[in-house]
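A.B. asks: One structure, pasted below without further comment.
The values are calculated or read from the model by the stated rules, or taken from the named source; none is laboratory data. Computed from a prediction, not measured in an experiment: that's the story for all the values here. Every residue, glycine among them, receives a Cβ derived from its backbone with ideal geometry; neighbour counts consider all protein chains shown.
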Amino acid sequence: MLQYFVIYKPFGVLSQFTREAPHHRTLADLYNFPKDVYPVGRLDQDSEGLLLLTNDKRLNSKLLDPRWAHERNYWVQVEGVPTEEAFTRLNNGVNIRIKKRDYRTRPAKSKMLVPFPTLPDRDPPIRVRKSVPDSWIELRLTEGKNRQVRRMCATVGFPVLRLVRAAIEDLTLGDMKPGDVREWEAPALLRALKLRG
């Protein structure tokens, strides 16, 4: 039976079921998932937000295949206040390093998030420097390279303080809180992801 779970991955949780060290928290700490269910893509340990888990291999390959160009929406708290030039660079694509090689990112959609998103406090809180303001931006990508959002923001001079994946296509966090797990029926999930069965 095909099953689909949408979770709000909390900060500090690995996007996997295996602990790499005794102190690590994994997806197994959030919910008793079926043994054949796995995450579609990843969020790194320091990132939060929307993560899909399923045993549907077709959905997995469609969402991860760059040809389908599914849009992922990130809310990113950065150090400093990005300039128009920074947004133009992000939107046109920037050069980042992936596995010791140069990579040119696809064009993105980026803008200031005003007002700031209303999110639960992070545990532990982000580091704050009183002398440097911070701001929130929205970054929409159609690809998902390793630590791509962090690398892109650093390249244009605005280091990431907090990173939340808010949506994949029309599938959003909604009123979910960190650690929440919801099971979805296939028709509704595929509609939200702009996929046909």
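A.B. asks: Output the residues belonging to region 157-182 that are surrounded by fewer than 19 Cβ atoms within 10 Å (Cβ to Cβ) and either without any contact (Cβ under 8 Å) to a residue 40 or more places away in the chain or part of a loop (DSSP other than H, G, I, E, B) (or both).
C.D. replies: 157, 159, 169, 170, 174, 175, 176, 177, 179, 180
Rundown of residues vs (1) assigned by TED's automatic domain parsing to the domain that holds residue 140; (2) without any contact (Cβ under 8 Å) to a residue 60 or more places away in the chain, yes/no style:
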position: 5; (1), (2): no, no
position: 38; (1), (2): no, yes
position: 53; (1), (2): no, yes
position: 86; (1), (2): yes, no
position: 96; (1), (2): yes, yes
position: 99; (1), (2): yes, yes
position: 103; (1), (2): yes, yes
position: 112; (1), (2): yes, yes
position: 115; (1), (2): yes, yes
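A.B. asks: For residue 154, are the conditions met, namely being at pLDDT 95 or above and within 11 Å of the chain's Cα centre (by Cα)?
C.D. replies: no
A.B. asks: Just wondering, is there one or more residues in region 173-183 that are modelled with pLDDT of 95 or more, among the charged types (D, E, K, R) and under 14 Å from the mean Cα position of the chain (by Cα)?
C.D. replies: No, region 173-183 has no match at all.
A.B. asks: With the checklist (1) within 30 Å of residue 33 (Cα to Cα); (2) not assigned by TED's automatic domain parsing to the domain that holds residue 40 in hand, flag the one item residue 63 doesn't pass.
C.D. replies: Among (1) within 30 Å of residue 33 (Cα to Cα); (2) not assigned by TED's automatic domain parsing to the domain that holds residue 40, residue 63 violates only (2).
A.B. asks: Quick check, is residue 11 part of a loop (DSSP other than H, G, I, E, B) and either closer than 24 Å to residue 178 by Cα or touching a residue at least 60 places away in the same chain (Cβ under 8 Å) (or both)?
C.D. replies: Considered against the rule, which asks whether it is part of a loop (DSSP other than H, G, I, E, B) and either closer than 24 Å to residue 178 by Cα or touching a residue at least 60 places away in the same chain (Cβ under 8 Å) (or both), residue 11 comes out as yes.
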